[in-house]
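The values are calculated or read from the model by the stated rules, or taken from the named source; none is laboratory data. Source: prediction; values computed, not measured. Glycine also receives a Cβ, built like all others from the backbone with ideal geometry; neighbour counts cover every protein chain displayed. The area values use the complete protein model at the heavy-atom level, side chains included, leaving out ligands, DNA and RNA. Shrake-Rupley method; radii C 1.70, N 1.55, O 1.52, S 1.80 Å.
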Amino acid sequence: MATTANYGSLPFNEQIGFFKQKLNLPSERWSDIWQSAHNTSFAVAGAMKVDLLNDFRRAVDAAISEGKSITWFKKEFNHIVAKHGWSHTGKADWRARVIYNTNMRQSYNAGRYEQLQHFAYWRYAHGDSRYPRELHLKWHNTILSKDDPWWHTHFPSNGWGCKCRVYGVSHAEMTRRGLILKQAPHDGSRDWLNKATGEVHQVPKGIDPGFDYVPKREVNQQKQQALVSTKKVYQPQQKIVPNSFSTVKGVSNDSLNTLLNAIKQTESAPQIEQLGQFLAQYKVKSLFLKQAEMGVNNAGAKAIEGTVKDYLQNDKYHPRRLFTANSYRRSWGFTSSSYDHVNVKVAASTRLDKVDVNELRQVVALAGQFHQQGGAKFSLSSIARTYADGKHNSGTVITWLHEVGHQLHFKAGSPPIPIKSGFTQYSGYNHYEWHAEHFAAWVLNRSALAEFNADIAAYFDMLVQQVLTKGVNHG
């Protein structure tokens with residue numbers, strides 16, 4: 001539905017990139033992977049089975065790339081443990097927190113290391129730990145050249161639970177604030193015995209064993225090659241949808257991408273690939289909200305206003321105007337030419353993992369059959385919600401594609417209806433709905449659309465390519 005208008009936090013690409021380049025390494029204990037080897041390897045101590053480690057990897061990957069909370073991760077941890085019957089050390093709550101915090105902090109710090117290369121000087125800043133380490137407090141506000149060897153062993157995190165960080169300082173800031181370089185602290189080292197191997201390591205004082213390295217992107221070719229030969233090595237799924245915002249657990253960015261990647265295994269692969277290019281190129285975002293959150297005066301809308309504002313980063317309108325509409329009770333979705341996002345209504349029970357790909361694609365063929373029999377149905381979404389086993393789960397996907405179709409139409413300059421034909425009643429309303437309905441059909445099952453009308457399928461081949469290559473009405 002088009003209207004004339006009336007997470008979450010922004011993704012940290014350097015952090016995401018650091019974690020994605022890792023490969024899994026089953027290990028009995030954390031110290032099996034020593035120091036900077038953690039830059040290329042993902043491990044959970046005691047997780048020796050490949051499938052178990054892959055599931056943990058997917059959960060951590062989602063936490064980092066989608067900003068999932070520790071509460072969410074604990075639930076995933078319990079599900080994975082139950083699924084594999086894994087007997088772990090320590091209580092579940094503690095173990096989940098260690099895995100979550102360590103991977104989140106080290107990947108964050110690796111991303112920061114990459115960003116900080118633009119600064120000549122770095123400042124060590126003690127974190128707000130509940131039980132601060134004495135030496136970490138001593139190092140607070142230490143400013144050194146970024147090339148100082150001290151950072152090779154003291155770049156955070158410097159131990160379990162360490163929240164210390166590093167901030168960049170420019171030449172101009174040094175002069176303006178009268179800051180001066182300090183001598184690198186020399187606090188000595190201590191012996192640490194690895195009881196599993198019998199090796200004795202020299203560990204800098206104030207640093208937990210194994211943390212005396214710089215978290216950064218590395219390519220350890222020998223190790224990477226060895227891991228690639230392992231069966232079922234984790235491969236992050238393609239993010240066809242870069243990010244989305246949802247207030248329903250069953251409709252997550254991960255589940256949406258899982259479904260789209262499954263559709264990509266069919267003959268619709270070219271269309272899914274172009275869909276992803278469009279979403280990324282035009283930075284089209286997606287909101288999946290419950291009905292109680294889509295009325296401007298609803299308590300639910302007021303409750304999520306701040307987080308939606310942070311996600312959309314659109315200061316042109318009052319935040320609530322961006323995701324509410326007067327028609328929210330009777331429509332499944334809406335967008336506007338003034339927006340760079342789409343809004344889709346979902347129920348608390350909606351689950352994208354319940355959608356059958358073949359059935360979803362068959363909805364397009366059904367629409368053509370109903371039309372040929374003289375009984376065109378209202379919309380693709382209504383066909384899915386009425387006739388498909390997936391019901392509203394399947395309808396949600398089609399509604400989302402319909403709204404994305406509006407965005408494509410807007411970016412193309414809102415051209416008129418080029419072909420006086422349409423296989424749903426909704427497509428006959430106006431040129432907005434004609435484009436949105438047939439775009440959804442083109443993405444899901446171009447072959448079925450071409451069987452209904454080859455000219456419509458060819459038109460969308462041309463229109464999508466035009467928008468992607470020329471960036472019509474996009475600056």
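When you go through (1) within 30 Å of the chain's Cα centre (by Cα); (2) open to solvent by less than 60 Å² (accessible area, probe 1.4 Å) one by one for W160, which number turns out not to apply?
Checking W160 against (1) within 30 Å of the chain's Cα centre (by Cα); (2) open to solvent by less than 60 Å² (accessible area, probe 1.4 Å), the one that fails is (2).
Looking at A412, is it of a type outside the set (D, E, K, R), open to solvent by less than 10 Å² (accessible area, probe 1.4 Å) and modelled with pLDDT of 95 or more?
When the stated conditions are applied, A412 does not pass them.
Mind counting the residues in region 53-72 that are at pLDDT 85 or above, hydroxyl-bearing (S, T, Y) and under 14 Å from the mean Cα position of the chain (by Cα)?
The qualifying residues number 1.
State whether one or more residues within region 121-133 are among the polar types (S, T, N, Q) and not in a helix (DSSP H, G or I).
Scanning region 121-133 turns up at least one residue that is among the polar types (S, T, N, Q) and not in a helix (DSSP H, G or I).
Report, by residue number, each residue of region 309-341 that is in contact with a Leu (Cβ under 7 Å, 6 or more places away or on another chain) and part of a helix (DSSP H, G or I).
Scanning region 309-341 gives L312, L322.
Of V50, V44, which residue is of a type in the set (V, I, T), farther than 28 Å from H154 by Cβ and modelled with pLDDT of 70 or more?
From the options V50, V44, the qualifying one is V50.
Evaluate the following for D147: is it in a loop (DSSP other than H, G, I, E, B), of a type in the set (D, E), modelled with pLDDT of 85 or more and closer than 25 Å to E114 by Cα?
Yes.
State which residue is surrounded by the fewest Cβ atoms within 10 Å (Cβ to Cβ) when the search covers only region 435-450 and only residues that are more than 29 Å from the chain's Cα centre (by Cα) and closer than 19 Å to S379 by Cβ.
A448
When the residues of region 374-393 are filtered to those that are in contact with an Asp or Glu (Cβ under 7 Å, 6 or more places away or on another chain) and buried (at least 24 other Cβ atoms within 10 Å of the Cβ), which remaining residue is farthest from I263 (Cα to Cα)?
S379
Given the structure, is V241 open to solvent by less than 10 Å² (accessible area, probe 1.4 Å), at pLDDT 90 or above and of a type in the set (V, I, T)?
Against the criterion (open to solvent by less than 10 Å² (accessible area, probe 1.4 Å), at pLDDT 90 or above and of a type in the set (V, I, T)), V241 qualifies.
Collect the residues in region 447-472 that are assigned to a helix (DSSP H, G or I) and farther than 15 Å from F278 by Cβ, keeping them in residue-number order.
S447, A448, L449, A450, E451, F452, A454, D455, I456, A457, A458, Y459
Scan region 166-187 for residues that are part of a helix (DSSP H, G or I) and open to solvent by 60 Å² or more (accessible area, probe 1.4 Å) and jot them down.
Listed by number, the residues that qualify are H171, A172, T175, R176, R177.
Which one of these is among the aromatic types (F, W, Y) and over 22 Å from the mean Cα position of the chain (by Cα): F334, F323?
Just a single option satisfies the conditions, and that option is F334.
Exactly one of (1) more than 16 Å from G333 (Cα to Cα); (2) in contact with an Asp or Glu (Cβ under 9 Å, 6 or more places away or on another chain); (3) surrounded by fewer than 24 Cβ atoms within 10 Å (Cβ to Cβ); (4) of a type in the set (S, T, Y) is unmet by Y426. Its number?
For Y426, the failing item is (1).
Restricting to region 53-69, what's the tally of residues that are open to solvent by 20 Å² or more (accessible area, probe 1.4 Å), closer than 12 Å to N243 by Cβ and not charged (D, E, K, R)?
Here the count works out to 1.
Taking T102, is it of a type in the set (V, I, T), at pLDDT 85 or above and open to solvent by 30 Å² or more (accessible area, probe 1.4 Å)?
Criteria met by T102.
(1) under 28 Å from K411 (Cα atoms); (2) over 18 Å from the mean Cα position of the chain (by Cα): which one isn't true of L256, the others all being true?
That leaves (2) as the condition not met.
Give me the residue from region 188-207 that is among the small types (G, A, S) and touching an Asp or Glu at 6+ places or on another chain (Cβ under 8 Å) and, out of that set, least open to solvent (accessible area, probe 1.4 Å).
G206
Here is a check on your reading of the model: is L137 open to solvent by 20 Å² or more (accessible area, probe 1.4 Å), farther than 29 Å from F42 by Cβ, touching a Phe, Trp or Tyr at 6+ places or on another chain (Cβ under 8 Å) and of a type in the set (A, V, I, L, M, F, W, C)?
No: the conditions fail for L137.
Could you list, in sequence order, the residues of region 252-304 that are assigned to a loop (DSSP other than H, G, I, E, B), within 21 Å of F439 (Cβ to Cβ) and aliphatic (A, V, I, L, M)?
Once the filter is applied, which keeps residues that are assigned to a loop (DSSP other than H, G, I, E, B), within 21 Å of F439 (Cβ to Cβ) and aliphatic (A, V, I, L, M), region 252-304 yields only V284.
Would you pick out the residues in region 352-368 that are surrounded by fewer than 16 Cβ atoms within 10 Å (Cβ to Cβ) and of a type in the set (S, T, N, Q)?
Within region 352-368, just N358 meets the criteria.
Only residues that are farther than 18 Å from P270 by Cα, part of a helix (DSSP H, G or I) and within 28 Å of the chain's Cα centre (by Cα): list them for region 408-434, please.
Those that are farther than 18 Å from P270 by Cα, part of a helix (DSSP H, G or I) and within 28 Å of the chain's Cα centre (by Cα): H409, F410, K411.
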